[in-house]
Amino acid sequence: VQLQASGGGMVQAGGSLRLSCAASGRTFSNYAMAWFRQAPGKEREFVATISWSGGSTYYHDSVKGRITISRDNAKNTVYLQMNSLKLEDTAVYYCAAGRTTYYRNGRPVGYDYWGQGTQVTVSS
């Protein structure tokens with residue numbers, strides 16, 4: 001499956017952005033989806049995951065209550081609605097897909113397909 005992320009940009013702290021990730025090439029609804037991010041000098045961390053049906057979601061503690069992951073299987077797209085953005089949300093955001101995903105020590109693994117990343121910059 002090919003993934004194309006979009007929607008990044010620069011926003012002031014407290015603002016909102018909506019990221020999109022369009023999938024092609026395989027049956028989108030067969031895949032769990034996730035968003036990860038990587039800030040300069042830091043390891044990549046997961047942000048949120050969503051099951052193939054959209055019925056189950058999981059968030060990193062740092063984004064709970066501010067960020068929502070959703071998907072539209074009819075449009076082959078997964079979204080990340082980000083509200084109340086903070087300076088520490090600045091990162092390159094990547095969408096990912098996987099068929100056999102699970103959690104190891106609270107971190108999602110098994111995401112085999114990755115998009116190219118979209119930059120989110122939060123300014124003061």
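Please find the FRET efficiency linking Thr57 to Gln4, where r is the Cβ-Cβ separation and R0 is fixed at 22 Å, and quote it to the nearest 0.05. Approximately 0.50, to the nearest 0.05. Close amide H partners of Gly117, meaning residues 5 or more places away or on another chain with modelled amide H under 5 Å apart, are Ala5, Cys95.
What FRET efficiency comes out for the pair Lys64/Ser29, r = Cβ-Cβ distance, R0 = 30 Å, nearest 0.05? It would help to have the intermediate numbers written out before the result.
On the way: r = 26 Å, r/R0 = 0.86.
E(calc), rounded to 0.05, equals 0.70.
Its residue count N sets the reference 2.2 N^0.38 Å, and the alpha-carbon radius of gyration of the range 73-124 equals 1.38 times that reference. With an 8 Å Cα cut-off and a minimum separation of 6 or more residues, compute the relative contact order for the chain in percent. Contact order relative to length: 35 percent.
Restrict the search to the range 1-100; then list the GluC sites (Glu not before Pro) that DSSP places in a loop and that have at most 15 other Cβ atoms within 10 Å of their Cβ. In loop regions of the range 1-100 (DSSP not H, G, I, E or B), the sparsely surrounded GluC sites (Glu not before Pro) are Glu43.
Percent of Cα pairs in the range 7-124 per distance bin of 10 Å, from zero to the largest separation: 14, 50, 30, 6, 0. Accessible surface for the chain, divided over its residues, is 52 Å² per residue with a 1.4 Å probe.
Give me the percent of DSSP beta bridges within the range 1-83 that run antiparallel, rounded to the nearest 5.
On the way: 25 of 25 bridges.
About 100 percent, rounded to the nearest 5.
Of the accessible area of the chain, with the probe set at 1.4 angstrom, what percent is carbon plus sulfur?
The nonpolar share, carbon plus sulfur, comes to 44 percent.
The values are calculated or read from the model by the stated rules, or taken from the named source; none is laboratory data. A quick note: this is a predicted structure, and the numbers were derived from the prediction, not measured. Positions of Cβ are backbone-derived with ideal geometry, glycine not excepted, and every protein chain shown enters the neighbour counts. For the accessible areas, the whole protein counts, side chains as well, though only heavy atoms, and no ligand, DNA or RNA atoms are used. Shrake-Rupley method; radii C 1.70, N 1.55, O 1.52, S 1.80 Å.
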